[in-house]
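The values are calculated or read from the model by the stated rules, or taken from the named source; none is laboratory data. These numbers come from a predicted model, not from an experiment. Because the Cβ atoms are built from the backbone with ideal geometry, glycine has one as well, and the counts that use them run over all protein chains shown.
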Protein chains: 2
Amino acid sequence: MLELVEKTMREIVASLDDARVCSLYEGVPSGKRLRAKLILKIASTHPDAVKLAAIVELIHAASLLHDDVIDDALTRRGVDSINARFGNKTAIMLGDILYSKGFFELCALPSSVAQTISNAVALLSLGELQDVELAQRFHHDKATYDQMIYNKTASLIEASAKAAAQLVGKPWEPFATYGRNLGLAFQIVDDILDITQDSQTLGKPALNDFAEGKTTLPYLYMYEALNTEDKAMLLSLFGVVLSPSQAAWIHEKMHTSGALSRSIAHAKRLGKEALDAIGETGVEGLDKVVIQMIEREF
Amino acid sequence: MLELVEKTMREIVASLDDARVCSLYEGVPSGKRLRAKLILKIASTHPDAVKLAAIVELIHAASLLHDDVIDDALTRRGVDSINARFGNKTAIMLGDILYSKGFFELCALPSSVAQTISNAVALLSLGELQDVELAQRFHHDKATYDQMIYNKTASLIEASAKAAAQLVGKPWEPFATYGRNLGLAFQIVDDILDITQDSQTLGKPALNDFAEGKTTLPYLYMYEALNTEDKAMLLSLFGVVLSPSQAAWIHEKMHTSGALSRSIAHAKRLGKEALDAIGETGVEGLDKVVIQMIEREF
């Protein structure tokens with residue numbers, strides 16, 4: 001089924017009938033297709049399930065194209081990003097093309113489905129701005145961080161599960177709860193991996209978030225647990241490209257302060273809430289998605 | 001009615017409940033609201049006319065935010081562009097927010113209307129890429145130029161008129177023909193004004209298109225009319241910031257080759273086709289829009 005999604009994505013792009021766009025699209029890394037997997041599992045019986053999955057993945061790909069420009073990210077999933085290969089402007093324009101073509105296809109689906117997805121895309125765009133604004137200075141405002149990662153990451157995962165349920169006429173609430181918690185956990189796991197993994201495993205620079213001004217959950221927890229002197233030390237490393245000894249200090253304090261284990265426990269708790277929500281829906285395979293995601297190498 | 005459109009646009013933006021977005025939005029120049037005017041004239045009786053007009057203008061504003069990043073434009077309508085004031089990244093993110101919020105609101109309108117507008121936005125995004133690709137080198141391919149300006153400029157004006165007719169259940173074909181020809185004429189008039197007006201009147205640098213690699217209709221006609229020696233001279237000025245004597249040469253040849261008058265005649269012919277299309281629809285005021293647009297100072 002996922003191959004059908006890839007094929008449908010290529011067909012949607014090809015329907016623009018522009019050789020340059022097709023060729024650029026071939027260079028967009030495809031990723032895990034998490035959102036498509038959810039949609040296929042929840043709405044597998046519906047003739048439009050593949051189409052919805054393809055639309056959501058095109059929109060997600062568009063958002064990543066713009067994210068990489070905003071974050072000056074030169075690699076994505078271990079390969080050169082589109083902005084690195086063809087420049088920021090091409091990445092912006094290709095993103096706009098995939099966004100708008102995705103929206104066009106979305107308008108042919110039921111209005112409830114279209115509204116669910118498009119609402120999430122508005123939140124996602126807002127979340128990207130909030131992420132950048134938050135990165136202007138160090139902060140220790142967990143509520144704002146929670147809102148930002150909900151908008152930036154969880155909203156489209158929540159919407160994927162909800163829209164798939166709407167497509168097949170299932171009560172959508174448990175699926176939305178599942179998707180929201182899965183999405184939040186997903187972002188927190190990503191934030192943890194930035195600290196625990198090396199660059200090669202990540203396919204992007206390691207320990208990069210804090211250097212970019214992103215005060216993620218492990219840093220929020222760590223700051224909370226540190227004494228005054230160590231708080232000042234942490235603040236002095238905000239937005240800094242770290243020396244090996246500074247990186248070692250962060251690693252050590254992440255462990256000794258309990259920030260890492262607390263973050264992992266939080267991600268697991270969110271995963272548990274996702275599992276609880278879909279326990280009685282009888283849809284197979286959704287639990288595995290959560291378990292695999294939580295069990296990515298910390 | 002246009003004030004109601006402005007108010008509705010602000011309300012849509014405000015519904016995102018983010019102070020930074022509201023404040024950035026205040027800095028977006030509002031322009032002529034051509035698309036809103038068409039929608040209000042055609043669908044004035046419909047309760048959703050103002051909403052449709054607001055959505056289309058938000059989407060149009062989003063496209064201009066991204067255009068200004070792509071074109072490195074530092075002024076827009078005589079004031080500093082958002083990218084000039086707040087940087088490219090903020091302009092990209094604000095554009096994404098206005099696009100996606102506009103699409104979300106669009107999904108609540110009838111599916112035919114939503115498809116008409118979203119199809120045009122896909123063409124518009126494609127047109128921007130084609131414009132940039134064409135600017136890589138001098139070309140004299142009028143068919144490609146026609147296709148590009150249709151996508152980039154005319155498609156959303158065509159869609160505005162068509163969607164307004166769809167909203168009120170009028171046969172939409174004459175309105176689409178009207179909008180398409182109006183949009184094509186609009187772009188060609190813009191291309192002419194780049195040559196005939198000074199920077200102050202334009203609110204942006206004059207004689208800028210060819211310096212930016214944009215071989216617009218007057219240049220296509222001029223190239224066609226020049227002898228071999230002058231053709232070579234024109235080619236040598238492609239993509240060049242012009243000296244006063246080079247600018248004077250372009251101005252002279254634009255007149256003596258007949259390229260300018262031929263371009264003006266073409267814009268007028270398109271305007272006439274727009275007028276012919278809506279002659280019998282009985283919708284008042286659409287003719288004035290064409291006449292005012294064609295009669296902008298050459």
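Overview of values
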read-out: Pair list, Cβ under 9 Å, 6 or more apart: segment B:14-28 residue of a type in the set (A, V, I, L, M, F, W, C), other residue not in a helix (DSSP H, G or I); value: B:22/B:16; B:28/B:76
read-out: Out of B:231, B:204, B:214, sole residue that is in contact with a strand residue (DSSP E or B) (Cβ under 9 Å, 6 or more places away or on another chain) and assigned by TED's automatic domain parsing to the domain that holds residue B:150; value: B:204
read-out: Qualifying residue in segment B:28-51 (condition: among the aliphatic types (A, V, I, L, M), within 11 Å of chain A (Cβ to nearest Cβ) and either farther than 23 Å from residue B:179 by Cα or touching a helix residue (DSSP H, G or I) at 6+ places or on another chain (Cβ under 6 Å) (or both)); value: no
read-out: The listed residue being modelled with pLDDT under 95, more than 8 Å from chain A (Cβ to nearest Cβ) and part of a helix (DSSP H, G or I), out of B:120, B:73, B:84; value: B:84
read-out: Filter result for the condition that a residue is over 24 Å from residue B:26 (Cα atoms), among the aromatic types (Phe, Trp, Tyr) and in a helix (DSSP H, G or I), over B:99, B:150; value: B:150
read-out: Residues that are over 20 Å from residue B:86 (Cβ atoms) and not in a loop (DSSP other than H, G, I, E, B), drawn from segment A:125-139; value: none
read-out: Filter pass, residue B:130 being farther than 25 Å from residue A:89 by Cβ and either more than 11 Å from chain A (Cβ to nearest Cβ) or modelled with pLDDT of 95 or more (or both); value: no
read-out: Qualifying residues in segment B:2-54 (those that are on the phi > 0 side of the Ramachandran plot and within 22 Å of the chain's Cα centre (by Cα)) - the one surrounded by the fewest Cβ atoms within 10 Å (Cβ to Cβ); value: B:31
read-out: Scope segment B:239-260; condition in contact with a Phe, Trp or Tyr (Cβ under 9 Å, 6 or more places away or on another chain) and not hydrophobic (A, V, I, L, M, F, W, C); matching residues; value: B:239, B:257, B:258
read-out: Options A:232, A:274: the member that is small (Gly, Ala, Ser) and under 19 Å from the mean Cα position of the chain (by Cα); value: A:274
read-out: Filtered residues of segment A:95-117 (kept if within 22 Å of residue A:70 (Cα to Cα), more than 7 Å from every other protein chain (Cβ to nearest Cβ) and in contact (Cβ under 8 Å) with a residue 60 or more places away in the chain); value: A:98, A:102
read-out: Residue B:61 more than 8 Å from chain A (Cβ to nearest Cβ) and surrounded by fewer than 20 Cβ atoms within 10 Å (Cβ to Cβ); value: no
read-out: Any hit, segment B:33-42, residues being modelled with pLDDT of 95 or more and more than 19 Å from residue B:159 (Cβ to Cβ); value: no
read-out: So residue B:142, is it closer than 27 Å to residue A:13 by Cα, surrounded by 18 or more Cβ atoms within 10 Å (Cβ to Cβ) and out of contact with any Cys (no Cβ under 9 Å at 6 or more places or on another chain); value: no
read-out: Any hit, segment B:215-231, residues being of a type in the set (A, V, I, L, M) and free of Cβ contacts under 8 Å to residues at least 24 places away in the same chain; value: no
read-out: One residue from B:154, B:165 being within 12 Å of the chain's Cα centre (by Cα) and either surrounded by fewer than 21 Cβ atoms within 10 Å (Cβ to Cβ) or assigned by TED's automatic domain parsing to the domain that holds residue B:269 (or both); value: B:154
read-out: Breaking point among (1) under 19 Å from the mean Cα position of the chain (by Cα); (2) among the hydroxyl-bearing types (Ser, Thr, Tyr); (3) surrounded by fewer than 16 Cβ atoms within 10 Å (Cβ to Cβ), for residue B:263; value: (3)
read-out: Condition met for residue B:285 (under 25 Å from the mean Cα position of the chain (by Cα), within 21 Å of residue B:187 (Cα to Cα) and surrounded by fewer than 17 Cβ atoms within 10 Å (Cβ to Cβ)); value: yes
